[in-house]
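Asks: I have a structure here, written as structure tokens, and I will follow up with some questions on it.
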Amino acid sequence: NNSITMCADSMGFLYPQINASTCINCGLCLKICPFTTNYSANIEFAKPLVYASRLKDEKELVNSQSGGLFYALSEYVLNNGGVVYGAGYTNNFKVQHKRVTTKYDREELRLSKYSQSEIEGIYALVKADIVSGKLVLFTGTPCQVAGVKSFIGNLDHNDNFITVDLVCHGVPSPKIWEDYLQYLGNKYDSKIIGTKFRDKSF
């Protein structure tokens, strides 16, 4: 019943807040939260399988980071009429999870973004796409992947669902990112028109 909203703390980190006036104490949030029980357990493999990958296409490799696996997987999904979810930007460069169905829109989701992403409302879209039979790729931090898997539950369509969680040591503060962009704008007396972490031209 939309009793949970994501609210920013003093550093801009988003945390779930329950609206006590609309909460019906159903306990569903605690039931599906992946961090209440066995959150450290590997539910897919007793022993993880490890692979390495690198794009053969040198042009796309230069336009990628970390070997370009996201590009390769998203190409497969989009070529098969699927949907891709990943981190993009709002108009003022806040990091936000988005749903895309075209290669043109997918470009925004490429490359690293070192800030917590706004993800409110995305899990419901993922579930709807899976239920409708679409092939779905979801990329995010391990806690976001655990969250979406817990949210969708054991659907019959899970063969259509590909998840990629990033190696994460904790995301930097969205407030520091916002302050840094403002600092650069003031320093160069110019509007920020684009961002790129780990720019390969350097």
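Asks: Quick one: would you say residue 86 is surrounded by 16 or more Cβ atoms within 10 Å (Cβ to Cβ), among the small types (Gly, Ala, Ser), modelled with pLDDT of 90 or more and farther than 29 Å from residue 201 by Cα?
Replies: Numbers: surrounded by 16 or more Cβ atoms within 10 Å (Cβ to Cβ): yes; among the small types (Gly, Ala, Ser): yes; modelled with pLDDT of 90 or more: yes; farther than 29 Å from residue 201 by Cα: no.
No, not satisfied.
Asks: A further question follows. (1) surrounded by fewer than 20 Cβ atoms within 10 Å (Cβ to Cβ); (2) modelled with pLDDT of 95 or more: which one isn't true of residue 65, the others all being true?
Replies: Evaluating residue 65 over (1) surrounded by fewer than 20 Cβ atoms within 10 Å (Cβ to Cβ); (2) modelled with pLDDT of 95 or more leaves (2) as the failure.
Asks: Let me ask you something else. Please determine whether any residue of the stretch 93-104 is touching a Lys or Arg at 6+ places or on another chain (Cβ under 8 Å), of a type outside the set (Asp, Glu) and open to solvent by 30 Å² or more (accessible area, probe 1.4 Å).
Replies: Applying the first criterion (touching a Lys or Arg at 6+ places or on another chain (Cβ under 8 Å)) to the stretch 93-104 yields 95, 100.
Those still in the list that are of a type outside the set (Asp, Glu) too: 95, 100.
Imposing the further condition that a residue be open to solvent by 30 Å² or more (accessible area, probe 1.4 Å) reduces the set to none.
Looking for residues that are touching a Lys or Arg at 6+ places or on another chain (Cβ under 8 Å), of a type outside the set (Asp, Glu) and open to solvent by 30 Å² or more (accessible area, probe 1.4 Å), one finds none in the stretch 93-104, hence no.
Asks: Another one. Taking interchain pairs and intrachain pairs at least six residues apart, which have beta carbon atoms under 6 angstrom, with the first residue in the stretch 78-102 and part of a loop (DSSP other than H, G, I, E, B) and the second open to solvent by 10 Å² or more (accessible area, probe 1.4 Å)?
Replies: Cβ pairs passing all conditions: 80/135; 82/134; 82/135; 90/96; 93/181; 93/195.
Asks: Would you tally the residues in the stretch 105-116 being at pLDDT 90 or above, outside any helix (DSSP H, G or I) and buried (at least 21 other Cβ atoms within 10 Å of the Cβ)?
Replies: Taking the stretch 105-116 first, the residues at pLDDT 90 or above are 105-110.
Checking which are outside any helix (DSSP H, G or I) leaves us with 110.
Imposing the further condition that a residue be buried (at least 21 other Cβ atoms within 10 Å of the Cβ) reduces the set to none.
Within the stretch 105-116, residues that are at pLDDT 90 or above, outside any helix (DSSP H, G or I) and buried (at least 21 other Cβ atoms within 10 Å of the Cβ) number 0.
Asks: Within the stretch 84-99, can one find any residue that is within 22 Å of residue 167 (Cα to Cα), out of contact with any Ser or Thr (no Cβ under 8 Å at 6 or more places or on another chain) and among the aliphatic types (A, V, I, L, M)? Walk me through how you get there before you give the answer.
Replies: Step one: of the stretch 84-99, the residues within 22 Å of residue 167 (Cα to Cα) are 84-89, 94-99.
Next cut, out of contact with any Ser or Thr (no Cβ under 8 Å at 6 or more places or on another chain) only: 88, 98-99.
This time we only want the ones that are among the aliphatic types (A, V, I, L, M), so: none.
Within the stretch 84-99, not a single residue is within 22 Å of residue 167 (Cα to Cα), out of contact with any Ser or Thr (no Cβ under 8 Å at 6 or more places or on another chain) and among the aliphatic types (A, V, I, L, M).
Asks: Would you please list the contacts, defined by Cβ atoms under 9 Å and residues six or more apart or on different chains, that run from a residue in the stretch 4-25 that is free of Cβ contacts under 8 Å to residues at least 24 places away in the same chain and among the polar types (S, T, N, Q) to a residue that is surrounded by 10 or more Cβ atoms within 10 Å (Cβ to Cβ) and outside any strand (DSSP E or B)?
Replies: What qualifies is 19/3; 21/3; 22/3.
Asks: A follow-up question, please. If you go through the stretch 146-166 one residue at a time, how many are under 17 Å from residue 30 (Cα atoms), of a type in the set (A, V, I, L, M, F, W, C) and open to solvent by less than 70 Å² (accessible area, probe 1.4 Å)?
Replies: Looking only at that region, the number is 3.
Asks: Which numbered condition in (1) surrounded by 15 or more Cβ atoms within 10 Å (Cβ to Cβ); (2) modelled with pLDDT of 85 or more; (3) among the β-branched types (Val, Ile, Thr) is the only one that residue 192 fails?
Replies: Condition not satisfied by residue 192: (1).
Asks: Of all helices (runs of 4 or more DSSP H) completely enclosed by the stretch 117-202, which ones contain at least 2 residues that are free of Cβ contacts under 8 Å to residues at least 60 places away in the same chain and closer than 18 Å to residue 98 by Cβ?
Replies: Numbers: elements: 122-131, 142-152, 174-187.
Those helices (runs of 4 or more DSSP H) span 122-131, 142-152.
The values are calculated or read from the model by the stated rules, or taken from the named source; none is laboratory data. The model shown is predicted, which means the values in this text are computed figures rather than measured ones. Note: ideal-geometry Cβ built from the backbone for every residue, glycine included; neighbour counts use all protein chains shown. Please note that ligands, DNA and RNA were not included when accessible areas were found on the heavy atoms of the full protein model with its side chains. Shrake-Rupley method; radii C 1.70, N 1.55, O 1.52, S 1.80 Å.
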